[in-house]
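Quick notes on the structure that follows.
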Amino acid sequence: MQTQIAPQYRADPLVGEAESILRDCVHCGFCNATCPTYRILGDEQDGPRGRIYLIKALLAGEQTTETTRLHLDRCLGCRACETTCPSGVRYGRLLEIGRHLQNQALPRPPRAALERRLLRYVVTEPKRFRAALGLGRVFKPLLKASLARTLLPLPAESPDSARSEVAVASSAGRRVLHLDGCVQSVATPATRAALARILQRLGVDLRSAPTATCCGALSLHLDAWDEARALMRGNIDAWWPYLEDGAQAILVSASGCGSVVKDYGHYLEDDPAYAAKAARIAEIACDPSQWLARELGARSIPGIARGRIAFHAPCSLQHGQRLAGVVEGILTRLGYQLSEIGDAELCCGSAGSYSLLQPQLAAQLRRNKLDRLEKDEPKRIATANVGCQLYLAQEARVPVVHWLELVDEALVDVGTP
């Protein structure tokens, strides 16, 4: 793609990066076939190719409008187009830059800006998020159903909450770190508890750094870049003493967070105080499926037939981290019968804050996803990201769990492998 950069942008290194990405695009349009919003709306500007042209026009100095913002905001950031693209266009990064430049050229209206600031304030701090969920549960019966779903993802209390706190004995053996996360630590504590028990059976201690906080994903996606980078630096400072003490990896059981942590090296590459450490963090961060695929692959596990489940692979797992099929392989080996899922590459509509900011489109995507997940009448739906888990659970006819909970159950039945 040929580009023309407006004079006011030529010295901006972000624009140089965007131009490099644009030049990889060959206009083929394969990306539109796997774009959830294009498939619903049928508008070229609501597909990756059209949005690329909008960003190209912005860089060329054309006047940006609220219509441009509307089409960029409608993008889920799911990155299914990256998996499809034969030219390797890094669309997700281009979208981040495009939205950032759009907001600089045309700031959001005060109400919309306040809405996003409040989201970041509440969601990225576990204590504030826990308080918000508590208030939501109290007042949910007084709200209209549609409003209740839009304001907050209000999960029911986990039936495993009594089991969520486990004591993992210290040892001189192997140990790994875990990013507890802001939403997951409050809304679905059973996920970390299941992972801790799994690793304990494998002779690995799971530890958390008390001062680690939000991974920075929400701030990053809502164009609060300075805030996101500050959160990243804080996590690096929290994790570094544990790495120096021998922690072998950082496991991130929310795939959306994992996708961002694996990119810390990129986001802090221009920070002389943190660039090297960020690159190291990105190198050893991994999804639990990567760790367990290696651990369980070397062990003999008795085959026990289990019930049918449907696995929803989050976009952040299959497109962001490129780990399609890894969780499915683990669950199949443990005896679960997995349903075949049509259009498995498409987003469920959660997409971080998308379900709150674009509720109508998100709800249609969720209904489409649940129709496919529930087609073969599975006993449960499993997924790998807390946002997907909470959002699907609001409308699903069967329980929605994190896949680690299924592994935990299976290993209890077969004993320590």
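Here the Karplus relation 6.51 cos²θ - 1.76 cosθ + 1.60, evaluated at θ = phi - 60°, turns the backbone of the range 12-21 into coupling constants of 7, x, 4, 5, x, 5, 5, 4, 4, 5 Hz, with x for every Gly and Pro.
Put simply, when 319-331, 366-378 are sorted by average Cβ atoms within 10 angstrom per residue, most first, you get 319-331, 366-378.
Axis angle, to the nearest 10 degrees, between helix 110-123 and the longest C-alpha principal axis of the chain: 20 degrees.
Hey, any idea what % of the range 233-375's accessible area is carbon plus sulfur with a 1.4 Å probe? List each step's numbers first, then the result.
Details: 2730 of 5650 Å².
Of all accessible area on the range 233-375, carbon and sulfur atoms account for 48 percent.
Given a Förster radius of 45 Å and the C-beta distance between Glu115 and Ser300 as r, what FRET efficiency does 1/(1 + (r/R0)^6) yield to the nearest 0.05?
Efficiency, rounded to the nearest 0.05: 0.25.
Go ahead and run the numbers for FRET between Ala324 and Arg39, Cβ-Cβ distance against an R0 of 22 Å, rounding to 0.05. Here the calculated transfer efficiency is 0.70. How big is the antiparallel share of DSSP beta bridges in the range 305-417, given as a percent to the nearest 5? Roughly 0 percent of the beta bridges in the range 305-417 run antiparallel, per DSSP.
What dipole magnitude, in Debye to the nearest 20, does the chain give about its Cα centre under +1 on Lys/Arg Cβ and -1 on Asp/Glu Cβ?
Values: 50 positive and 45 negative charges, 157 e Å.
Rounded to the nearest 20 debye, it is 760 debye.
Here's how it looks for Ala382: its modeled amide H is under 5 Å from those of Ala310, Phe311, His312, Val401, which are all 5 or more places away or on a different chain. In this rough spin-label picture, where each label sits 7 Å from Cα along the Cβ direction, the Leu135-Asp245 distance is 3.6 nm. In the chain, a dipole from Cβ-located charges (positive for Lys and Arg, negative for Asp and Glu) runs towards its positive end, and of Ala351, Gln321, Cys85 it is Ala351 whose Cα lies farthest in that direction. The portion of the accessible surface of the range 1-47 made up by carbon and sulfur, rounded to a whole percent, is 50 (1.4 Å probe; DNA, RNA and ligands excluded). A full extension of the chain between Arg90 and Val412 corresponds to an added length of 111.7 nm, given 0.36 nm per residue minus the alpha carbon distance. Average accessible surface for the chain: 44 Å² per residue, computed with a 1.4 Å probe over protein heavy atoms with every protein chain in place. Spacing of the modelled spin labels on Glu125 and Gln4, each 7 Å from Cα toward Cβ, amounts to 4.8 nm.
Karplus-based coupling profile of the range 378-387, in residue order and whole Hz: x, 6, 8, 10, 10, 8, 10, 9, 4, x, with θ = phi - 60° in 6.51 cos²θ - 1.76 cosθ + 1.60 and x standing for Gly or Pro.
With just the Cα atoms defining each centre, how far is the range 170-245 from the range 24-45? Give it in Å. Value for the Cα centre distance between the two parts: 35 Å.
With a 1.4 Å probe and all protein chains in place, put Ile55, Ile5, Ile40 in order of accessible area, largest first. Please report the intermediate quantities before stating the final value.
Working: Ile55 5, Ile5 25, Ile40 45 Å².
Largest accessible area first, the residues go Ile40, Ile5, Ile55.
So if we plug the beta-carbon distance of Ala57 and Lys379 into 1/(1 + (r/R0)^6) with R0 = 56 Å, what FRET efficiency do we get, rounded to 0.05? The pair Ala57/Lys379 has a calculated efficiency of 0.65.
The values are calculated or read from the model by the stated rules, or taken from the named source; none is laboratory data. What you are looking at is a predicted structure, and each value in this text was computed from that prediction instead of being measured. Note that we place each Cβ from the backbone using ideal geometry, even for glycine, and neighbour counts take in every protein chain shown. The protein model used for the area step is the full one, side chains on, heavy atoms only, and it has no ligands, DNA or RNA in it. Shrake-Rupley method; radii C 1.70, N 1.55, O 1.52, S 1.80 Å.
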